[in-house]
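All remarks here apply to the structure that follows.
The values are calculated or read from the model by the stated rules, or taken from the named source; none is laboratory data. Source: prediction; values computed, not measured. Note that each Cβ is placed from the backbone with ideal geometry, even for glycine, and that neighbours are counted across all protein chains shown. Calculation scope for accessible area: heavy atoms of the full protein, side chains included, ligands and nucleic acids excluded. Shrake-Rupley method; radii C 1.70, N 1.55, O 1.52, S 1.80 Å.
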Amino acid sequence: MPIDIRPAKFEDIPSARACLDVVAREQRYLAFFEAPPLEASRSWWSAMIEKGQPFRIAHDGERVIGWCDITPIPRPAFAHNGVLGIGLLPEMRGRGIGRRLLSATIDAARRFGLERIELDVFASNERARRLYLSLGFEVEGVRRRYAKLRGAYEDSTLMSLLLT
């Protein structure tokens, strides 16, 4: 079945939240270990959809299998920046879907008027780091012992992409 990459709709939010929950429960890639409650997710993503902010999903015809959002920073001095969040169901990784999803969301960020995208990625997430580098992101620094996952410290790599 073909995978559709498209802007998120309000009716996608429950399925996107379910996808987020699967990725969060892996306790390897995100800063939280379960998805926020549905109403909190609905509030967060609904605001993004209403404002036309960059929020794309990968859909297999039945469910959301991945999401990518770039949240503008709500402070005047940083308003040209957006913070990237992305995830893909484990069984969908390694098929080029993440690249398509991220590329579409970067294009949406450019059209939205963002000039810079930033992210944190755990140092052990080599696949994601390679993807970001291949799409033009650059390493800006490392936060040592930034997270504690499954009882072990994890460094975080700071990366950014300049869109202008």
Any pair with Cβ under 6 angstrom, 6 or more apart, that starts in the range 1-25 at a residue that is in contact (Cβ under 8 Å) with a residue 60 or more places away in the chain and closer than 15 Å to THR105 by Cβ and ends at one that is of a type in the set (Lys, Arg) and part of a helix (DSSP H, G or I)
ILE5/ARG100
Output the residues belonging to the range 18-32 that are at pLDDT 95 or above and of a type outside the set (D, E, K, R).
ALA18, CYS19, LEU20, VAL22, VAL23, ALA24
I need the full set of residues from the range 16-38 which are closer than 14 Å to LEU89 by Cα, open to solvent by less than 70 Å² (accessible area, probe 1.4 Å), in a loop (DSSP other than H, G, I, E, B) and not hydroxyl-bearing (Ser, Thr, Tyr), in order please.
GLU26, GLN27, LEU30, ALA35
Here the residues within the range 124-164 that are assigned to a loop (DSSP other than H, G, I, E, B) and without any contact (Cβ under 8 Å) to a residue 12 or more places away in the chain are GLY151
Leading residue by the ranking (modelled with the lowest pLDDT) among those in the range 144-154 that are under 15 Å from TYR29 (Cα atoms) and either surrounded by fewer than 10 Cβ atoms within 10 Å (Cβ to Cβ) or not hydrophobic (A, V, I, L, M, F, W, C) (or both):
ARG150
Selection within the range 1-15 - closer than 19 Å to ILE70 by Cβ and open to solvent by less than 40 Å² (accessible area, probe 1.4 Å):
ILE5, ALA8, ASP12, ILE13
